[in-house]
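The values are calculated or read from the model by the stated rules, or taken from the named source; none is laboratory data. Keep in mind the model is a prediction, meaning the values are calculated, not measured. Cβ atoms come from the backbone with ideal geometry, glycine included; neighbour counts cover every protein chain shown.
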Amino acid sequence: MKDKVVFITDGASPAGQGIAARLAEEGALVAANVFPAGLAPPPRAELVSSADPLSKAGIDAAVRGVLERYGRIDSLIFNNNELIPATLEGCDDETYDRIMAVNIKSAYLYVSVAGAAMKERQAGNFVFVSSIHDEKPFGACFAYSMAKGCLKNLAREMVLDMGKFNIRTNVIEMGPMEDHWEDFYSQLSPLYEHAKERINGQRMGNIRDLTEAVLYFAGEDSGFANGSELRLDGGFLLTYTTRRRNMDRATGLEIKPIW
């Protein structure tokens, strides 16, 4: 990643901060968008913008600011993420529009501007930080699942449109993460009941899990990966339990009662 120009669309989030630090460690020139403007930017970012993710003009200006300074964007990391609990019957227009705008419309706007510049150079890549709920419903917010599903299909369309210009697009589908996995809990689904017990090693995902995946897709070692969808969930979606299990952390095996 030495001297590669990387643009992170949400540099203020914990994920954005971690991604920026990890890529900078590898020598990348990091630019990041931070919105609202008062939030702390990544400490290793060399260029910071403050575009509203709902504003086409703002996103256009942010991307073009990177292009004007560096002349290129080698990798765009789209990590905007908005989850607002909403039911099918109770979701108002404003909530629905915001979820769709932040999670998918802003991705399209970033792609339309940065993608044109990458086509001119015939080089570049996109990494979409998404969720396992781009296919798996969870009940807490139908619009979130819809938006992430759209993001996955945007990536697939980009492979067809941009692949011939040597531009790659890959998706990272994150499972339960430390600190905010309970946001996905829903009365409609038992999916997140006893979630930790269902994951290999009995731990939630963390920022390092994400940053290493981003580093792989953003770098040249993944040159043959285009349209790939990497699920990082510790086996969460493949393991089922209907009761709490008493697990031995050393062996990962269930401790059976002796009575």
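Condition test on Ile73, is it in a loop (DSSP other than H, G, I, E, B) and within 18 Å of Gly115 (Cα to Cα)? So Ile73 passes the test. The requirement of being more than 21 Å from Ala213 (Cβ to Cβ), in contact with a Phe, Trp or Tyr (Cβ under 9 Å, 6 or more places away or on another chain), part of a helix (DSSP H, G or I) and in contact (Cβ under 8 Å) with a residue 40 or more places away in the chain is not satisfied by Ala155.
Condition check for Pro176 on (1) under 30 Å from Ala117 (Cα atoms); (2) buried (at least 20 other Cβ atoms within 10 Å of the Cβ): one failure, at (1). Scanning the stretch 199-214 for residues that are among the acidic types (Asp, Glu) and crowded, with 17+ Cβ neighbours inside 10 Å yields a count of 1. Applying the criterion of being in contact with an Asp or Glu (Cβ under 8 Å, 6 or more places away or on another chain) and surrounded by 21 or more Cβ atoms within 10 Å (Cβ to Cβ) to the residues of the stretch 116-131, the residue that is farthest from Ser222 (Cα to Cα) is Ser131. Quick one: in the stretch 215-238, which of the residues that are part of a loop (DSSP other than H, G, I, E, B) and loosely packed, with under 13 Cβ neighbours inside 10 Å is modelled with the lowest pLDDT? Here the answer is Gly235.
Kindly establish whether Met158 is of a type outside the set (Gly, Ala, Ser) and at pLDDT 95 or above. When the stated conditions are applied, Met158 passes them. Among the residues of the stretch 168-214 satisfying the criterion of being under 13 Å from the mean Cα position of the chain (by Cα) and among the hydrophobic types (A, V, I, L, M, F, W, C), which is modelled with the lowest pLDDT? The residue in question is Met177. Counting the residues of the stretch 127-170 that are under 18 Å from Met100 (Cβ atoms) and of a type in the set (A, V, I, L, M, F, W, C) gives 13. When Asp60 is tested against (1) surrounded by fewer than 19 Cβ atoms within 10 Å (Cβ to Cβ); (2) within 14 Å of Thr9 (Cα to Cα); (3) modelled with pLDDT of 95 or more; (4) under 18 Å from the mean Cα position of the chain (by Cα), only condition (4) is not met.
Restricting the stretch 76-106 to residues that are in a helix (DSSP H, G or I) and of a type in the set (Ser, Thr, Tyr), the residue that is surrounded by the most Cβ atoms within 10 Å (Cβ to Cβ) is Ser106. In the stretch 159-183, the residues that are touching a residue at least 60 places away in the same chain (Cβ under 8 Å) and assigned to a helix (DSSP H, G or I) reach residues that are aliphatic (A, V, I, L, M) and crowded, with 16+ Cβ neighbours inside 10 Å with C-beta atoms within less than 7 angstrom, at least six apart or across chains, in these pairs: Asp183/Leu83.
If the condition is being part of a helix (DSSP H, G or I) and of a type outside the set (A, V, I, L, M, F, W, C), then the stretch 184-214 contributes Lys196, Glu197, Arg198, Arg208, Asp209, Thr211, Glu212.
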